[in-house]
Amino acid sequence: MPLIEIDNIHLAYGTPAKPVLDGISLMIQEGEFVCVLGQTGCGKSTLLRLVLGAEHAQRGRILVDGVEHHQPDRTRGYVPQKYSLFPDKTVLDNITFGAEVSEFNLWGSFTPRYYRRRREFRERAMDYLRRIGLCESDAAKYPDQLSGGMQQRVAIAQALLTEPRILLMDEAFSALDPGTRKEMQRLLRDLWRDTGTTILFVTHNTREALFLGTRVIVLAKDAPQLGSHIALDLAVPEPCHEDEIPRLVRRLEHISHSFVTGDEMRAVR
């Protein structure tokens, strides 16, 4: 059984309804690193929110371990494009916040178990702090004292602390400068190897998708008034050698930017 099964998803917005996704079906095995490419407006982020459980399709279903989930939970961590750090909380408090809130309600915070678990969460948070390349002294800092790259590292640690089986990342590195972005790509790839977390990563950057993913999904529309379908599902060689990247980039960008017919699909395959 795949970890994630996306079964014939159809979704439209507005009145009259404008199709966004049209018959998306996809199976993702545990431990895969899947990157989703496509032009702006093709429904990449929408697909991510559907897997998260924050949105729901008109038709079709999404199963995680064979079960439909109708709202976000700890099985799926989420890192948005604009990282969601609390400005009034320290780095350490930001990393542990989600885990503490999901495990304890208001009354649970007055029990001995709460203090024991809170101590465990903080010990794990300090471990993640080191693994993402920050110093122990950074734990007491506030978000406005951190660079963009450091804030993104904290957001990733925040998502991983709950030990999700699935990590959903929506254009997570798009706001970073090129040098920091490459550094974050290497960090994420190392964390994925270490944890075995299944990652679904939305990006506009073809080279980033090829560097990070074990598999690249391209969403495309046959016409502007239609919803997106899966135009290409490409297994990426591991490792992806530099001399292979230009050919793969041309292949993916051709699909991402062109009207796809059956003949063209057979040609690029």
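Computed from the coordinates by the stated procedures, all read-outs in this text should not be read as laboratory data. Every value quoted in this text rests on a predicted model; they were computed, and no experiment measured them. Counting neighbours? That spans all protein chains shown, and the Cβs are built from the backbone with ideal geometry, glycine included.
Shown is the FRET efficiency for Arg186 and Ser25, computed with R0 = 25 Å from the Cβ-Cβ distance and rounded to the nearest 0.05: 0.15. Semi-axes of the equivalent ellipsoid for region 74-202, computed as √(5λ) from the eigenvalues of its C-alpha gyration tensor and ordered from largest down, come to 24, 17, 13 Å. Tell me the Kirkwood hydrodynamic radius of region 109-151 in angstroms, computed as one over the mean inverse distance between distinct C-alpha pairs. Result for region 109-151 stands at 11.7 Å.
Summing +1 for each Lys or Arg and -1 for each Asp or Glu among the other residues whose beta-carbon sits under 11 angstrom from that of Val36 gives -1. The modelled label-to-label distance between Lys89 and Thr195, using points 7 Å beyond Cα along the C-beta direction, is 1.6 nm. Each label point was placed 7 Å from the Cα along the Cα-to-Cβ direction; for His10 and Leu63 their separation is 2.1 nm.
Share of pairwise Cα-Cα distances greater than 19 Å in region 1-139 is 64 percent (whole percent). Scanning residues 5 or more positions from Leu3 or on other chains, those with amide H under 5 Å from its amide H are Ile28, Gln29, Glu30, with H placed 1.01 Å from N in the peptide plane.
Computed from backbone phi with θ = phi - 60° and the Karplus coefficients 6.51, -1.76 and 1.60, the 3J(HN,Hα) list for region 70-86 is 9, 7, x, 8, 6, 6, 10, x, 9, 10, x, 4, 9, 4, 9, 9, 7 Hz; x is used for glycine and proline. Restricting the calculation to Cα atoms, region 139-222 shows an Rg/Rh of 0.98 when the hydrodynamic-style radius is the Kirkwood one.
Across the alpha-carbon set of region 11-268, the Rg to Rh ratio works out to 1.00, Rh being the Kirkwood radius.
Computed 3J(HN,Hα) for region 55-67, one whole-Hz value per residue from the Karplus formula 6.51 cos²θ - 1.76 cosθ + 1.60 where θ = phi - 60°, is 9, 9, 7, 6, 9, x, 8, 10, 10, 10, 6, x, 10, glycine and proline marked x. Database remark: amide H of Ile230 closer than 5 angstrom to the amide H of Ser25 (H placed geometrically; neighbours at sequence offset of 5 or more, or on other chains; Pro and chain starts carry no H). If the chain linking Glu123 and Glu163 were pulled fully straight, counting 0.36 nm for each residue of separation and taking away their Cα-Cα distance, it would gain 13.0 nm.
When shorter helices are ignored and each DSSP H run of at least 4 residues is given -39500 (n - 2.57), the per-residue value for the chain at 222 nm works out to -11500 deg cm²/dmol. Close amide H partners of Arg59, meaning residues 5 or more places away or on another chain with modelled amide H under 5 Å apart, are His10. The spacing between region 164-179 and region 73-150, judged by their C-alpha centroids, is 18 Å. The label-point distance for Asp233 and Glu55, in a model that sets each label 7 Å from Cα toward Cβ, rounds to 2.1 nm. Residue-wise HN-Hα couplings along region 133-148, as the Karplus relation 6.51 cos²θ - 1.76 cosθ + 1.60 with θ = phi - 60° gives them from phi, are x, 9, 8, 4, 5, 5, 4, 8, 7, 9, x, 6, 9, 10, 6, x Hz; Gly and Pro carry x. A cut-off under 12 angstrom between Cβ atoms defines the neighbours of Asn8, and their net charge, with Lys, Arg +1 and Asp, Glu -1, is -1.
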